[in-house]
Structure formats: C-alpha cells, structure tokens
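Inspection log for the structure reproduced underneath, given as structure tokens.
The values are calculated or read from the model by the stated rules, or taken from the named source; none is laboratory data. Quantities reported herein were computed from a predicted structural model and do not represent experimental measurements. All Cβ positions, glycine included, derive from the backbone under ideal geometry; neighbour counts span all protein chains shown.
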Amino acid sequence: MRIATYRHKNTRYVGCVSSDGLHLQAFDVSADIAYFGALRLLESVVAGDPWPSILSQQIAISDVQLEAPLPHPKRNIWCVGRNYHEHAKELSASVFKDSNSNTQAWPIVFTKVPECVIGPFDPVHLPGAHVSEQIDYEAELTVVIGKGGKNIKAADAMHHVFGYTIINDVTARDVQMRHQQWDMGKSFDTFCPMGPWLVTADALDGNHTHVRCFVNGVQRQDGPTENMIFDIPTLIETISRGITLFPGDIIATGTPAGVGMGLKPPSYLKAGDVVRVEIDGIGHIENRFV
Ligand code: MG
C-alpha cells in the first residue's frame, strides 16, 4: 500500500494511492488525525486497530498537492552518515577525515529537527550566503518504524519496519563541518524534502532497491541499497541500543556517492537548481532550490 498525505481545496487528507498511481482515496478520519498524515494511522494499526475505512470518492493525483507522508514527525529524524563505501571515500578528506580511524565499527548517527520537513515537490529555501555557501543534496532511502522497541536485535529488526519513503538530506557543508556535531548544518528550514508517499514494507524490500539523484536532469548519484555499509537491520539494532524507538520514528539510511562536495571541483546548489531523488519501488521527489 502507498499512503499519501495531500492537500485538496485547502484541506489536508491522508489516503491511499491507486495501483496505477493516478488517483487517491482518502481514509475516513478526522481532520485532527489527517493533520499528522500517516503518523496517527500507523500508530493505531501497530497498536492492533483495523485500518480506517476508505471513502469511495476518487480524486486525481494531478488535482492535489502532495505533502510529506509524515509532515509533523513527533521527534527528530534519525540520520546515518557515511553509509556507502564510495561516499565514504569521496568525503574522506573533508566531512569524514576525523572519523576514519574506526571506519567499520559503528555508524555515524545524527538527527535533523522535525520542523525542517517539507513536501515532495515544495521549494527548498537557500539560507543566504551569510549563513552558508555550500548547500548540498543527499538522496536517501528512509525507513519508517512501525512496532517500537528498545535493544531490538538485527534478526528481529525488519519486523519493526512499517514502510519506506524518500528524503533528500539537504546539508550545509560549511556549517556541518564547523560545529563538530552535524545537526545544525542538516536542520535549516525546508532542508528535509520527504515523499512522495509512504510505501508499506509488504510492498518493497528496502534492502534491495536503488537510490538515484539528478541535479537539473543530470544524474549525480546511483546506488543499490545492497551497498550500504550498515544495512537496515544493523541500523535499527544500533539506534535502539538503550533508546526506545517509537512507531512513526524515521531513519534516513545514508546517501550513495556523488554528492556535490565529492565532485572535483565541488559543486554546490544555487537558486534555480532542481534536485530529483528517485528510489525504485517508491517513486520520486523533486525540489527547486530558491
Ligand atoms: Mg545524509
């Protein structure tokens, strides 16, 4: 199932995408529930409640504005740094230069604030040259947690995956490196385009799919998720060590090689650029930088 959050005539809905991808049917839920997109639905389904019924009226996707499937995450978005070998190499002289000593031992984990989430086709706002001149993209397969838990074992971890979506982990490289911790350089307003919907785990194997990124139509990133250094079960095991994961928690699993900082010379995003991220089995998001 593909669960989309969308706006139609100034009202937010959460609904199902038709199998041909052209229509939506809303779940019969209150505005208070729809406000949170798929979040309240997945919380109740995980708790054992039945799926809410679906209204019969179909609406064309072309007539709505798609929003992030989880437009208001309840806490920070977990993110993984340096999770593809070739990406680790391309930034080994900059972002990862202080973290090479124990390359394979543990993943780098940081967070983005939930307020930076925007819709799959919304504009990303460049913060201005006085704040950062090195804005970069990172295409990422993103896991949405279903059943929560603490100290989840890797062998059980896939049972905790509710589904998947796409995130562009937009990053201010200069700010990321300046502050030691990465949260600031990753959390500027609008720096987390998400969507176009949430694909439930029965419809996609996140361990075997493909992540691509295009800037102004030119392909920059192309990575199979089999190439992750730390696979999805390992990430869930690691992040849940001593920390309870909750239904609706979000884990961006890292980006393949080909980010702007890794190019020679580096190439950062500027006003007017359009970044498209696509993942097989999910779809694509596309955001203009303004
Ligand atoms: Mg990232």
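Descriptive notes on the structure:
- Where ASN287 falls short, out of the listed (1) more than 13 Å from the ligand (Cβ to nearest atom); (2) more than 14 Å from the chain's Cα centre (by Cα): (2)
For (1) hydrophobic (A, V, I, L, M, F, W, C); (2) at pLDDT 95 or above, each residue gets a yes or a no:
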| site | (1), (2) |
| --- | --- |
| LEU24 | yes, yes |
| GLY37 | no, yes |
| ARG40 | no, yes |
| ILE54 | yes, yes |
| ALA60 | yes, yes |
| LEU66 | yes, yes |
| TRP78 | yes, yes |
| HIS85 | no, no |
| LYS89 | no, no |
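- Filter result for SER94 (modelled with pLDDT under 95, among the hydroxyl-bearing types (Ser, Thr, Tyr) and surrounded by fewer than 17 Cβ atoms within 10 Å (Cβ to Cβ)): yes
- Filter result for VAL215 (crowded, with 18+ Cβ neighbours inside 10 Å, under 17 Å from the mean Cα position of the chain (by Cα) and away from the ligand (no atom under 15 Å from the Cβ)): no
- Wholly within segment 143-194, helices (runs of 4 or more DSSP H) carrying at least 3 residues that are closer than 30 Å to VAL45 by Cα: 154-157
- Residue check, PHE162 farther than 22 Å from ASN227 by Cβ and in contact with a Leu (Cβ under 7 Å, 6 or more places away or on another chain): yes
- Of residues in segment 236-276 being in a loop (DSSP other than H, G, I, E, B), of a type in the set (Val, Ile, Thr) and within 16 Å of the ligand (Cβ to nearest atom), the one farthest from the chain's Cα centre (by Cα): VAL259
- Qualifying residues in segment 195-235 (those that are hydrophobic (A, V, I, L, M, F, W, C) and in a loop (DSSP other than H, G, I, E, B)) - the one farthest from SER267 (Cα to Cα): LEU204
- ILE232 more than 14 Å from the ligand (Cβ to nearest atom), in contact with a Leu (Cβ under 8 Å, 6 or more places away or on another chain) and β-branched (Val, Ile, Thr): no
- PRO123 surrounded by fewer than 18 Cβ atoms within 10 Å (Cβ to Cβ) and closer than 24 Å to LEU22 by Cα: yes
- Put simply, of ALA154, ALA203, ALA139 the only residue that is out of contact with any helix residue (DSSP H, G or I) (no Cβ under 7 Å at 6 or more places or on another chain) and away from the ligand (no atom under 15 Å from the Cβ) is ALA203.
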